[in-house]
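Below: the structure, in structure tokens.
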2 protein chains.
Amino acid sequence: MSAYQPVTPEIISALQAAVGADAVTTAQAELELHSKDQSHHHAHLADVLVYPTTAEHVSSVLRLAHEHLIPVTAWGVGTGLEGSAIPVYGGISISFEKMNQIVQVYADDFQVTVQPGIGHKDLNAILARQGLFFAPDPGANATVGGMLANNAAGIRTVKYGASKDNVLKMQVALADGTLINVGSRSVKQSSGYDLLHLFVGSEGTLGIITEATLKLVPVPSLMSAVVAAFESVDAAVEAVVAVRGSGLDPAALELIDAAHCRMLRMTENVDLSDHPTLFMEFHAAHESTLRSGLDAVKEICEELGAISFRATTDPAERRQLWHARHHSYEIMVRSHPGYQFFIMDVAVPISAYPALIGYVEHLKQETGIVAYMIGHAGDGNIHVEFPFADQDEYERCMVMNGLIVEKALELGGTSTGEHGVGLGKARYMAKEHGGALDVMRAIKQTLDPKGILNPGKIFIG
Amino acid sequence: MSAYQPVTPEIISALQAAVGADAVTTAQAELELHSKDQSHHHAHLADVLVYPTTAEHVSSVLRLAHEHLIPVTAWGVGTGLEGSAIPVYGGISISFEKMNQIVQVYADDFQVTVQPGIGHKDLNAILARQGLFFAPDPGANATVGGMLANNAAGIRTVKYGASKDNVLKMQVALADGTLINVGSRSVKQSSGYDLLHLFVGSEGTLGIITEATLKLVPVPSLMSAVVAAFESVDAAVEAVVAVRGSGLDPAALELIDAAHCRMLRMTENVDLSDHPTLFMEFHAAHESTLRSGLDAVKEICEELGAISFRATTDPAERRQLWHARHHSYEIMVRSHPGYQFFIMDVAVPISAYPALIGYVEHLKQETGIVAYMIGHAGDGNIHVEFPFADQDEYERCMVMNGLIVEKALELGGTSTGEHGVGLGKARYMAKEHGGALDVMRAIKQTLDPKGILNPGKIFIG
């Protein structure tokens, strides 16, 4: 690691000259607001916080940091779940909160160009007027820049892909402040190396995103919802495979495990039985498409022994059916007063999903630890949620976390499906990537030889 | 450029020791068969051709080449259109013709792992038994390795994406022979840098693909076909935008320009009028979905002034309707005896498609040159096809090619949508990528410091 230099009064003055005096702060309260995300990772203060409004501001800040060997970490809105935006080496935190404009809507191209600080929900509220939306939805109102830096995904990924599948072009500030464009507004491009996807998911360690052109899709005119319970996770996963194999193209295909269903029922009387339950959503342009799709899904679920099956095409009923899924986290938190939650994220090929979930069940039984599972079953992605009240319990969660990650890797999966590496998953990179990690390090060294970009993330040591 | 070393008898012996005596040849006839692809680029012989059957063979060949500073170019089956597989610096050509096995089918995961030398049509013939297929289809029976190295696309890309969207994991041999794995069989992965997409489309200049796990999709149970003619390209493109905006999710959305339609009609009495004509295909799991989709498409086309509209859900009629599109190249070649064809490839945002095509029309009128256009309109991708009979005509095509590429770039597009950079597009890289080209060069230098991997491609000088 480089020997970073302190943020001196001269650096502060230079930052003020670069981005404006109002856009630079060292106020303790503001630094604290930007010291911690929604994860369990420890807070760490930056030495100075800057609020750029243009790519040129970001470029100037980086030029300065590069010259003076000061760490730079980008901040979206703090909804991360692996500490990726925590400035663990101090230095400069670049907050994108004021760089949140829509640059241009290209309605005929199903594209929009935005500044990275815009929240995806805010963006979609505006795009709805034109019948378009940006599909990835990690739940919280994460910024587009944060979603891209982290390759966030969410419940719509089974149909529409993750963030990386919904971006066409970005402007990126390199470590020395150089601004480059990667990708193209042409949806097809076979020209040179795919730098776009190298920067997407690199968590601000190779460059900082200053603008992005996103793929949009038409707002579906009709949606249906299905909730189906099964005797076992195996049966539920068989249904997942059958639904996907049928060509029905679900827009969401979620699993809530029996323990979680029970907790939802016990605490808020949610109408679920203590069984693994699938939540599905289908999008269509025509009522008849939607109806024939639901008939097919019903047939599949019943054939595979569904205990219960509820379906609707009515928007109000749909919201009610999905209530338990959409509010599962809040209900869980409310039902465990005095507890914090550690939420872990792994993903495996769908065929290995029953084995992974079976392993977590086995660990729970063996240790008596409380845990709930909720997952994007259509993608083989699962989140295990552990309540903890003290340091001992927290450490037990960490042990479980490690075991589950190892299991996911053994099953041909990944240590993180959508939360990113950040601080928590860095220790698993060598095991997951083997010799490819050396290539990642070499690229990091090439693009950020001084190591100023978000140090402490992805790589250990 | 490095000072490459000759392929000496000692090198030949070492290659024979590494991959077997039968798998190494310097026979002129075989070298000639591997010296030229389907493009207009000049042939060039390798000094030696090797036929590995395992990744370890490829690794050994690279280790040797790396040590002795010998260029290495990978060869699939020679269907490339930009000379990417031509060994312009001689050295070793690695043919994957005998490394063409299916390693494993993961039916429940909708995945297959293959060796790179398998033809995608051959692969799909086998997968059809399980109701699955690998969607990208560049037309010719290209190898999967070649398709990935080149990010090939084709007519199904509007729904299913290009090659890069249909691969999950690869094994890659680096310049020094090290084998690494990139990507994951988990469909979601947010772990470390996306090296998978860095190698996809890098045309063998960063590493050589030795195995790939592909995404598969269910064979659609039902398909429909639509052929609709319009007064102008503008009107046709309006229909393209409207169809995509309607959420109908076409599986193909192709354009044949008026000149090409006329040529098809004049030479083989194909039932088309002299107007820009859209060819569409839709996939569905249910008859009612297909029918309601066709009704909607008809409404859109008629509203936008279609001159003619034909649609069918009958498989035999569908093949007949699409005959002109599927055989357009052969018919064109047959109708121009004594001519060769230069086929160029650019892509733009769909909103710029009419401007691009209008520009080509303008060039044709101004110069009197003969050219036909056929394109993946749903993706904004167009191929301009120029017949030429002699060097003078060829050079006129090259001038046109340059002007059209410049126009595509000016319209926010790319110099190549699906044919790759190879030899022909290298000169446009600086203009298309600006400062990002320096990053590409830096990555090339990092991963292939001796410059042995497919030299002469992508980068000039």
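The values are calculated or read from the model by the stated rules, or taken from the named source; none is laboratory data. Keep in mind the model is a prediction, meaning the values are calculated, not measured. Because the Cβ atoms are built from the backbone with ideal geometry, glycine has one as well, and the counts that use them run over all protein chains shown.
Of the residues making up the range B:99-117, one or more are within 14 Å of chain A (Cβ to nearest Cβ) and of a type in the set (Ser, Thr, Tyr). The residues of the range A:164-183 that are touching a Gly at 6+ places or on another chain (Cβ under 7 Å) and facing chain B (nearest Cβ under 8 Å), listed by number, are A:Lys164, A:Leu174, A:Thr178, A:Ile180, A:Asn181.
For the range B:87-99, the set of residues classified as within 20 Å of B:Val144 (Cβ to Cβ) and surrounded by 21 or more Cβ atoms within 10 Å (Cβ to Cβ) consists of B:Ser93, B:Ile94, B:Ser95, B:Phe96, B:Met99, listed by residue number.
The residue pairs whose first member lies in the range B:236-255 and is modelled with pLDDT under 90, whose second member is part of a strand (DSSP E or B), and whose beta carbons are closer than 6 Å, counting only pairs six or more residues apart or on different chains, are B:Gly245/A:Pro218; B:Gly247/A:Pro218. Filtering the range A:184-201 to residues that are within 7 Å of another protein chain (Cβ to nearest Cβ) and in contact with a strand residue (DSSP E or B) (Cβ under 7 Å, 6 or more places away or on another chain) leaves A:Ser184, A:Arg185, A:Ser186, A:Val187, A:Lys188, A:Gln189, A:Ser191, A:Leu195, A:Val200.
The single residue among A:Thr8, A:Thr79, A:Thr54 that is of a type in the set (Val, Ile, Thr), more than 14 Å from chain B (Cβ to nearest Cβ) and free of Cβ contacts under 8 Å to residues at least 12 places away in the same chain turns out to be A:Thr8. A:Gly204 fulfils the conditions (1) surrounded by 24 or more Cβ atoms within 10 Å (Cβ to Cβ); (2) without any contact (Cβ under 8 Å) to a residue 24 or more places away in the chain; (3) more than 11 Å from chain B (Cβ to nearest Cβ); (4) not hydrophobic (A, V, I, L, M, F, W, C) except for a single criterion, (2).
To keep it simple, each residue is scored yes or no on (1) touching a residue at least 60 places away in the same chain (Cβ under 8 Å); (2) assigned by TED's automatic domain parsing to the domain that holds A:Gly83; (3) surrounded by fewer than 19 Cβ atoms within 10 Å (Cβ to Cβ); (4) among the small types (Gly, Ala, Ser).
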{"position": "A:Pro116", "(1), (2), (3), (4)": "yes, no, no, no"}
{"position": "A:Leu127", "(1), (2), (3), (4)": "yes, no, no, no"}
{"position": "A:Gly131", "(1), (2), (3), (4)": "yes, no, yes, yes"}
{"position": "A:Gly154", "(1), (2), (3), (4)": "yes, no, no, yes"}
{"position": "A:Val158", "(1), (2), (3), (4)": "yes, no, no, no"}
{"position": "A:Ala173", "(1), (2), (3), (4)": "yes, no, no, yes"}
{"position": "A:Arg185", "(1), (2), (3), (4)": "yes, no, no, no"}
{"position": "A:Gly192", "(1), (2), (3), (4)": "no, no, no, yes"}
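The helices (runs of 4 or more DSSP H) located wholly in the range B:1-80 that include 2 or more residues which are among the aliphatic types (A, V, I, L, M) and crowded, with 17+ Cβ neighbours inside 10 Å occupy B:9-19, B:55-68. Just so you know, in the range B:380-394 the residues that are away from chain A (no Cβ under 14 Å) and not charged (D, E, K, R) include one that is farthest from B:Ile331 (Cα to Cα), and it is B:Gln391.
Of the residues screened, B:Glu410 is one that is more than 25 Å from B:Asp176 (Cα to Cα), more than 8 Å from every other protein chain (Cβ to nearest Cβ) and acidic (Asp, Glu). Against the numbered list (1) out of contact with any helix residue (DSSP H, G or I) (no Cβ under 8 Å at 6 or more places or on another chain); (2) modelled with pLDDT of 95 or more, A:Gly177 comes up short only at (1).
Here is a check on your reading of the model: is A:Ala324 assigned to a loop (DSSP other than H, G, I, E, B) and buried (at least 18 other Cβ atoms within 10 Å of the Cβ)? So A:Ala324 does not fit the description; no.
Selection of first residues in the range A:362-379 that are more than 14 Å from chain B (Cβ to nearest Cβ) and touching a residue at least 60 places away in the same chain (Cβ under 8 Å) and of second residues that are surrounded by fewer than 21 Cβ atoms within 10 Å (Cβ to Cβ) and among the hydrophobic types (A, V, I, L, M, F, W, C), restricted to Cβ pairs under 6 Å at least 6 apart or on distinct chains, gives the following pairs, ordered by first then second residue: A:Tyr372/A:Ala259. Which residues, taken from the range A:331-384, are within 15 Å of A:Thr416 (Cα to Cα) and among the aromatic types (Phe, Trp, Tyr)? Selection gives A:Phe342, A:Tyr353. The condition of being within 11 Å of chain A (Cβ to nearest Cβ) and either of a type in the set (Asp, Glu) or within 28 Å of the chain's Cα centre (by Cα) (or both) holds for only one of B:Pro276, B:Pro349, that being B:Pro349.
Applying the criterion of being in contact with an Asp or Glu (Cβ under 7 Å, 6 or more places away or on another chain) and more than 10 Å from chain B (Cβ to nearest Cβ) to the residues of the range A:423-461, the residue that is nearest to A:Ile343 (Cα to Cα) is A:Gly424. Among the residues of the range A:271-316, those that are part of a strand (DSSP E or B) and either of a type in the set (A, V, I, L, M, F, W, C) or buried (at least 17 other Cβ atoms within 10 Å of the Cβ) (or both) comprise A:Thr277, A:Leu278, A:Phe279, A:Met280, A:Glu281, A:Phe282, A:His283, A:Ala284, A:Phe309, A:Ala311, A:Thr312.
Scanning the range B:409-461 for residues that are acidic (Asp, Glu) and more than 30 Å from A:Val112 (Cβ to Cβ) gives a single hit, B:Asp448.
For A:Lys169, the conditions (1) under 21 Å from A:Thr54 (Cβ atoms); (2) surrounded by fewer than 19 Cβ atoms within 10 Å (Cβ to Cβ); (3) among the basic types (Lys, Arg) all hold with the exception of (2). Restricting attention to the range B:194-249, the residues being of a type outside the set (Gly, Ala, Ser) and assigned to a helix (DSSP H, G or I) number 13.
Condition check ((1) within 12 Å of another protein chain (Cβ to nearest Cβ); (2) hydrophobic (A, V, I, L, M, F, W, C)) across all residues:
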position	(1), (2)
A:Phe133	yes, yes
A:Gly154	yes, no
A:Ala225	no, yes
A:Ala229	no, yes
A:Ser232	no, no
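A residue that is over 24 Å from the mean Cα position of the chain (by Cα), within 12 Å of another protein chain (Cβ to nearest Cβ) and basic (Lys, Arg) cannot be found anywhere in the range A:250-268.
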